[in-house]
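To start, the structure itself, in C-alpha cells.
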Amino acid sequence: MSDNSWQTPQAVAIPKSSDGLEKGRYGPIWPKTPANYGFTVIAKVIEGREEAIRNYGKTIEEAVKGSPDVLAPLKLHFLRWVLFDVGSGLHFMYQGIFDTDFDKYVEDAIALFNSTGITTVFVNLEGWPEDWKTNVPAVTKFFHEHQRPSFLEYGEYPFVSADEVKKALRLKAAFSEMLDQMQ
Amino acid sequence: MLELEDIQHYLLTRPHATIAEYHFMTFSDAASGRRWINDLLHTIGNAKTVMAASDTDMRWVSMAFTANGLRKLGISETELATFSEPFLQGMAARAGMLGDTGANHPDNWEDNITSDNLHAVVILFAKDREEKDRCLKAHEAYLVNNPGVKILSTLHIEAIPPYDYVHEHFGYRDRITTPVIEGMGVEPTPGSHPPSKAGEFILGYADDTGETVPLPQPSALTRNGSYLAYRKMQEHVGAFRDYLRANGETEEEQELVAAKMMGRWRKSGAPLVLCPHKDDPELAGDNQRNNNFDYEKMDPHGYACPIGAHIRRMNVRDNSVTRIMNRRLIIRRGGTYGPYLPDDAPEDGANRGIAVFAGCADLSRQFEFLISVWANDTTFEELNERDPFAGVQDGSLDFAIPKKPIKKKLKNIPAFTTVRGGAYFFLPGISGLRYLAGLT
C-alpha cells in the first residue's frame, strides 16, 4: 500500500452482470474489492461422497502443518470449506480470499490442488470434467460456471494484502525485540 | 523417445546462422498453398539432421501456419476446434488481455501481420548474405511458378555490431539461458531448471505432469508440432540511452542502472546476484557459474537483483511465487531487425528492435502467462511496476531498486519498447507438413 487508504473501511456493492469486466486468459476477471479477490465455488456433491470430502479437511491440515508454505503461491488470506444441504441435496462450498486474481495463476492453483489432494474433493462434485488432468480450460470452465460472485464485500482494512499484514507484524515484533534489547 | 527426424529443427537447435528472413505468406486457394509446401518441403531441416549438420548442409528453412492458414489448406472446422483457443482467436484478438494497448495496440502493428489473409510464415536462415540472397532467389522462383501464393510482408533479421557477443539493440547479451529438453543429451548448467519433459514444447509427448495432452486433430498433422507466438518489438534505443544518462552521472552509474533493470550486467551477462557491485566477465563466461544462483536464499530482498528486474520477473526461480516454474518456460528464437545505432549516435527515428518466436505446447499457460502476468501485472510481488522491457510502459510507473537504508526509485519509466506485431502459428512436424501438402 502506497497510501493510507487502509485506515478507512470500505464496502462495495458488486453488479450482477460480468459484462464490461476485464477479460483474462480464461474469461472475465471479477475486480478486486476492499476484501481483495474472492472465490466462492458452490457445487453439488455426488451422492454418497460426503465422507470422502469431509476427510480431506484433515489431509489439508496435515499438509500445511508439514509444509507451512505449501499453499503460498495461491496468495491466500483465508479458506473456508462448507458442506450444506438446504433441501436440494448436499452441496460443497469452497470460499477463498486471495491477493491475486485466480485466473492469473490458475495453472499453479490446479497444480497445487493436485499435489495437496484438493482435487480429490473436486472429483466428488457433479460436473467436474473427467479429463481434468490434461484440460486446464475445462477445469477453469468448471470454476467459472460454479463461481457465485458476491454482491457485497466489505473490508475493515481495505485492499491490504496478506504480505503487508505479515510485514507489519514482523516490523512490530522487530520493534519489540529492539526495545527489549535496549533495557 | 523424441522423434527428432520428424520435428522441425527450429525449436530444438540453432543453425550457424547470422541472418534470417521472415516471409509472411498468403494463399489464394488450397491447391496453391499445398503446392508451395510441397515445393519447399525438401529445404526444411529436421532436428536430427540440423543438430548433426556441417557447413555444407544448410536446410535451415522452417514453416508454420496460422489458424486461417490451416483453414485455407483444407483443415475442417471440426478439426480446427480441437486446437487451442488462443491459436484459433489469434494474438490480435487477445491484445487487451496481453496488455497490448495504446501505442502497442494491434491497430498499430506492422507488416500486415493482423491480416485475415496471413496464412503462414516461412523462416529462411543463412550463414551469410550470399547464402541469404541465394535462398531468396530460390523462394522467388517457386513463387513465380505458383502465382496463388504471395508474400504479404518480409522482415530481415541480422546480427548487429559489435559482433564479439550476441546482443539486442540496447546492448544486453542474449541467449544466456534456454530450456533443456529431456532426452536431447544436454545437461542443464548448474542453477538452471531441470530438463523439461518434451511435452512442454512438443505435442504428442508427456509433459511435466507426466500426462500426455490429447493431440489436436488430425493427429497426422499435429504430432511432433508446437505452437509459436510471434512478437515484434521496436526498441527505442535513444530513449533508453537518454534515460541511463539522466539516472547515472558516470558511465559506471549508468551501467549499474542498466544492469539493475535487467538483472544482469549488460555486455557480459554476469548475474547481479553473484556480482552485485561490479561486472565480472570471467564469471559471466563460465557456464558452470553464470546461472548458478537463486533469489529466495541468496537475495530475498532484491538488494543485488531488484524484485522487478526483467530476468527476475520472467524467470522467477522461486517456489513462493510459483510451484510450476518449469511449466512456464518457452523456447525463444529470433533476432534483431533494423539498423544498428552506434553508441555515440543520436536517435535517428529508425525502426529497430527484436522479432522473436516463442515456442511452447500451451500458448495460454506459457506465453500468455509470461506477458499478461509476469511482464504486465502491476500487482506482481506488490511492486506497482511492470517489466521495464517486456511490459507496457507510459511513464506513469517507477522501478524500485532495493537499497539500505531505503530503496532508490527510478522514476517514470518511459516506453523503451513498443509492440509492433504479433501472431500465433502452428509449427507442424515434418510428416505434418507432408500431410498438409498431400491434402485433397
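What accessible area, in Å² to the nearest ten, does a 1.4 Å probe give for residue B:182?
Here the accessible area works out near 90 Å².
Under 8 Å for C-alpha pairs, at least 6 residues apart: give me the relative contact order for region A:11-182, rounded to a whole percent.
Dividing the mean separation by the residue count of region A:11-182 yields 35 percent.
Using modelled amide H (1.01 Å from N, peptide plane; none on Pro or chain starts), what sits under 5 Å from the amide H of residue B:167, excluding residues fewer than 5 places away?
B:160, B:174
Using θ = phi - 60° and the Karplus form 6.51 cos²θ - 1.76 cosθ + 1.60, what ³J(HN,Hα) does each residue of region A:80-95 get, whole Hz, x for Gly and Pro?
Running phi through 6.51 cos²θ - 1.76 cosθ + 1.60 with θ = phi - 60° gives 10, 10, 10, 10, 8, 9, 10, x, 10, x, 6, 10, 10, 10, 10, 10 Hz.
Where does chain B land at 222 nm, in deg cm²/dmol rounded to the nearest 500, when only DSSP H runs of n ≥ 4 count, each adding -39500 (n - 2.57), divided by all residues?
Working: 13 runs with 96 residues, N = 440.
Calculated at 222 nm, the ellipticity per residue is -5500 deg cm²/dmol.
Test of the criteria: in region B:73-176, which GluC sites (Glu not before Pro) are in a DSSP loop and have at most 15 other Cβ atoms within 10 angstrom of their Cβ?
B:110
Take the Cα pairs of chain B, get the Kirkwood Rh, then feed it into Stokes-Einstein at 4 °C and 1.567 mPa s and tell me D in µm²/s.
Once the numbers are plugged in, D ends up at 58 µm²/s.
Which residues' amide hydrogens lie under 5 Å from the amide hydrogen of residue B:415, considering only partners 5 or more residues apart or on another chain, with H built in the peptide plane?
B:395
To the nearest 10 degrees, how steep is helix A:106-116 against the longest Cα principal axis of chain A, on a 0 to 90 scale?
Once rounded, the angle reads 80 degrees.
What GluC sites (Glu not before Pro) in region B:186-268 are in a loop by DSSP, with at most 10 other Cβ atoms within 10 Å of the Cβ?
Details: sites: B:200, B:211, B:235, B:249, B:251, B:252, B:253, B:255; in loops: B:211, B:249.
Here the sparse-neighbourhood loop sites are B:249.
Taking chain B as a Gaussian network, where each spring joins two C-alpha atoms under 10 Å apart, which residue of B:309, B:95, B:126 fluctuates the most?
It is B:95.
Just need the Rg to Rh number for the protein assembly as shown, please, alpha carbons only, Kirkwood Rh.
Result for the protein assembly as shown is an Rg/Rh of 0.98.
For every other residue with a beta carbon closer than 14 angstrom to the beta carbon of residue B:294, add +1 if it is Lys or Arg and -1 if Asp or Glu, then tell me the sum.
On the way: positive: B:289, B:297, B:312, B:317; negative: B:296, B:299, B:318.
After counting each charged neighbour, the total is +1.
Find the Rg to Rh ratio for region A:11-182, where Rh is the Kirkwood radius over alpha-carbon pairs and Rg uses the same atoms. Write out the running numbers ahead of the final one.
Numbers: Rg = 18.1 Å, Rh = 17.8 Å.
Result for region A:11-182 is an Rg/Rh of 1.02.
Of the residues A:170, A:49, A:25, which exhibits the maximal mean-square fluctuation in a Gaussian network model of chain A defined by a 10 Å Cα contact cut-off?
Looking only at A:170, A:49, A:25, the biggest GNM fluctuation is shown by A:170.
For the Cα atoms of chain A, what angle does the longest principal axis make with the long axis of helix A:162-181, in degrees from 0 to 90, nearest 10?
The angle comes out at about 30 degrees.
Please report, to one decimal in angstroms, the Kirkwood hydrodynamic radius of region A:47-139 built from all distinct Cα-Cα pairs.
It is 14.3 Å.
Out of residues 5 or more away from residue B:264 or on other chains, whose amide H comes under 5 Å of its own, with H placed 1.01 Å from N in the peptide plane?
Correct list: B:272.
Given 0.36 nm per residue, what is the gain on full extension from residue B:142 to residue B:78 after removing their alpha carbon distance, in nm?
Here the segment from residue B:142 to residue B:78 would lengthen by 19.8 nm.
Give me the distance in nm between label points sitting 7 Å out from Cα along the Cα-to-Cβ direction at residue B:282 and residue A:19, one decimal.
Distance between label points: 6.8 nm.
Please compute the Kirkwood hydrodynamic radius of region B:230-363 from all pairs of different C-alpha atoms, in Å with one decimal.
When all Cα pairs of region B:230-363 are included, the Kirkwood radius is 16.7 Å.
Please determine, in degrees from 0 to 90 and to the nearest 10, the orientation of helix A:136-146 with respect to the longest principal axis defined by the Cα atoms of chain A, where the helix direction is its Cα long axis.
Here the helix axis deviates by roughly 90 degrees.
Could you compute the FRET efficiency for residue A:95 and residue B:85, with r as their C-beta to C-beta distance and R0 at 25 Å, rounded to 0.05?
According to the calculation, E is roughly 0.30.
Give a residue-ordered list of calculated ³J(HN,Hα) values for region B:97-102 (Karplus: 6.51 cos²θ - 1.76 cosθ + 1.60, θ = phi - 60°; whole Hz; x for Gly, Pro).
Residue by residue, region B:97-102 yields 5, 6, x, 7, 10, x Hz.
The values are calculated or read from the model by the stated rules, or taken from the named source; none is laboratory data. Not measured: the values here are computed from a predicted model. Glycine gets a Cβ as well: all are built from the backbone with ideal geometry, and neighbour counts include every protein chain shown. These accessible areas exclude ligands, DNA and RNA; they are computed on the full protein's heavy atoms, side chains included. Shrake-Rupley method; radii C 1.70, N 1.55, O 1.52, S 1.80 Å.
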